[in-house]
Amino acid sequence: MSDKRVAIITGATGGIGLEVAKRLGKDGYTVILNGISHDTGEKVTAELVAAGMDAHYAGFDVTDEAAVTENIVKIGEKYGKIDTLVNNAGGLGGRSRFEEMTTEFYRNVMALNLDSVFFASRAAIPFLKKGEHPSIINYTSNAAWNAGGPGAGIYGTSKAGVHAITRALAKDLAEYKIRVNAVSPGTIDTPFHKQIKSTKPEVFASWANNIMLGRLGQPEDVAGVVSFLASKDAAFITAETIQIGGGQALGI
Ligand code: NAD
């Protein structure tokens, strides 16, 4: 069994996930970066290795049940355990109003944000049981509460599911001392917002005016909290959701 802590971070080839991988890598974990952009994945993983981290790339689609199971079992068997699973992969998957929403769109958004958490968590449980103060960290959103912006209703619906599955997993896994928590990022400046950033950059920048702390979030703001939740310092925290939004949820 590996004597280092082992963390899998899904969707880690960019945005918040990459920053989480860097942070956990600096914390001394063996980090497994997952993604679907394989060239980018190999490149960023090599950069982490060059910076002295124990980093590895595992390319698979988090919505593909068989691929998720196969890869997570392979990682678990290689290291003899998993200490931290960060279910970071997620996204809007586009925007659609309900009247014209296809069933395919609905299923894709639910699969990316919610099925992925189920598939990865289920596969990781046997290996988390062998981990050291093990935990799962999920990602919900303000959209889970306010039902999402224009055309993002299913994104909000899927994130509300993530909120509930976080609590349900926490209850189910408490027996094994596996903690399950979520972060709820506010507006974090990542490729998640690439469409509005490229079409209406002034609108994107103006969102900072509605945030108590007067700025948009950066991936580092989330990575520090994920690092804390995975650490022994958070050993008595489970079924919790931490908002990382500079007070955004309350407005100004
Ligand atoms: P991002 O779009 O920058 O990054 C998402 C990553 O997931 C990308 O690297 C992408 O390649 C990967 N990915 C997409 N589909 C995948 C799949 N099927 N399998 C594996 N990987 C896949 O987004 P982000 O801002 O870094 O978001 C990370 C998480 O935070 C998401 O769950 C998102 O819903 C949540 N979130 C983000 C914000 C924000 O403002 N950025 C706000 C609230 C919640």
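Here the contact order of the chain, divided by its residue count and restricted to Cα pairs under 8 Å and six or more residues apart, works out to 19 percent. Here's the picture: a label point sits 7 Å out from the Cα of Ala147 along the beta-carbon direction, and within the stretch 175-197 nothing has its amide nitrogen under 15 Å of it.
Using the Cβ atoms and a cut-off under 12 Å, what net charge is assigned to the surroundings of Tyr57, where Lys and Arg are +1 and Asp and Glu are -1? Value of the local net charge: -2. Mean sequence separation of contacting Cα pairs (under 8 Å, at least six apart), scaled by the length of the stretch 1-148, corresponds to a relative contact order of 25 percent. Full extension of the segment from Ala205 to Glu42, taken as 0.36 nm per residue of separation minus the current Cα-Cα distance, would add 55.5 nm.
Each Lys or Arg adds one and each Asp or Glu takes one away; over the other residues whose Cβ falls under 11 Å from the Cβ of Thr84, this sums to 0. As a length-normalised measure over Cα pairs under 8 Å and 6 or more apart, the relative contact order of the stretch 86-157 settles at 45 percent. Compared with the dominant Cα axis of the chain, that is its longest principal axis, helix 219-230 is turned about 40°. Placing +1 on the Cβ of every Lys and Arg and -1 on the Cβ of every Asp and Glu, with no other charges, gives the chain a dipole of roughly 380 debye about its Cα centre.
Projecting the Cα atoms of Ala55, Pro126, Leu229 onto the charge dipole of the chain (Cβ charges, centred on the Cα centre) puts Leu229 farthest toward the positive pole.
Here the peptides 244-251, 6-13, 84-91, 52-59 are ranked by packing, the mean other Cβ count within 10 Å, and the order with the highest first is 6-13, 84-91, 52-59, 244-251. Packing order of peptides 62-72, 16-26, highest average first: 16-26, 62-72 (average count of other Cβ atoms within 10 Å over each peptide's residues). A Förster radius of 35 Å, combined with the Cβ-Cβ distance separating Glu132 from Glu220, puts the computed FRET efficiency at roughly 0.90.
Using Cβ point charges alone (K and R +1, D and E -1), the dipole size of the stretch 115-252 about the Cα centre works out to roughly 220 debye.
Of all aspartates and glutamates in the structure, those lying under 13 Å Cα to Cα from Lys159, and not within fewer than 8 positions of it along the same chain, are Asp115.
As an equivalent ellipsoid, the chain spans semi-axes of 28, 20, 19 angstrom, where each value is the square root of five times an eigenvalue of the C-alpha gyration tensor, largest first.
Bear in mind these aren't lab numbers, they're just calculated from the coordinates by the rules spelled out. Computed from a predicted model, the values in this text were never measured in an experiment. Positions of Cβ are backbone-derived with ideal geometry, glycine not excepted, and every protein chain shown enters the neighbour counts.
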